[in-house]
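Student: Structure incoming, see below.
The values are calculated or read from the model by the stated rules, or taken from the named source; none is laboratory data. As the structure is a prediction and not an experimental result, all values here were calculated from the model. Cβ coordinates were reconstructed from backbone atoms using ideal geometry, including for glycine residues, and neighbour counts include every protein chain displayed.
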Amino acid sequence: MGGPQITVLIDTYNYGRYIEEAIESVLAQDFPAEEMEILVVDDGSTDDTRARVGNYADRVKYIYKENGGQASAFNRGLAEARGELIFCWTRTIIGGRENCGRLRICLRSIRKRG
């Protein structure tokens, strides 16, 4: 397979104070890093979100867009995503090492039915 199995899409707008926790939560998943793409779509933040995401530049693709609302941020992320499955990670999902592992199980099931 050429690309990642899963894209984790994090949208943000002026949540710089929380974005590192969200990224760390994704990185802590029990899922191989080489099979997971992480996208952060910044919906026009005016805080320090960009700088904080920059600390993870080796693992996270950062996309900045003008403010248009959460749906437009997700739409932009969906257009950029390369994974077979896309997991929209919202601020209410912080934690839970098994989230991406569950997606892997779903992906295997889909492939078997294929």
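Student: Of the numbered conditions (1) at pLDDT 95 or above; (2) crowded, with 16+ Cβ neighbours inside 10 Å; (3) not acidic (Asp, Glu), LEU107 fails exactly one; give the number of that condition.
Tutor: Unmet for LEU107, out of (1) at pLDDT 95 or above; (2) crowded, with 16+ Cβ neighbours inside 10 Å; (3) not acidic (Asp, Glu): (1).
Student: Filter the stretch 4-46 down to residues that are within 10 Å of the chain's Cα centre (by Cα) and acidic (Asp, Glu) and give me whichever is nearest to GLY69 (Cα to Cα).
Tutor: Among those residues, the one meeting the criterion is ASP11.
Student: Evaluate the following for ASP48: is it of a type in the set (D, E, K, R) and without any contact (Cβ under 8 Å) to a residue 40 or more places away in the chain?
Tutor: Yes: the conditions hold for ASP48.
Student: Would you check which residues across the stretch 72-87 are over 17 Å from ASN14 (Cβ atoms) and hydrophobic (A, V, I, L, M, F, W, C) and list them?
Tutor: Of everything in the stretch 72-87, those that are over 17 Å from ASN14 (Cβ atoms) and hydrophobic (A, V, I, L, M, F, W, C) turn out to be LEU78, ALA79, ALA81, LEU85, ILE86, PHE87.
Student: Out of the stretch 14-65, which residues are under 15 Å from CYS88 (Cα atoms) and assigned to a loop (DSSP other than H, G, I, E, B)?
Tutor: Listed by number, the residues that qualify are GLN29, ASP43.
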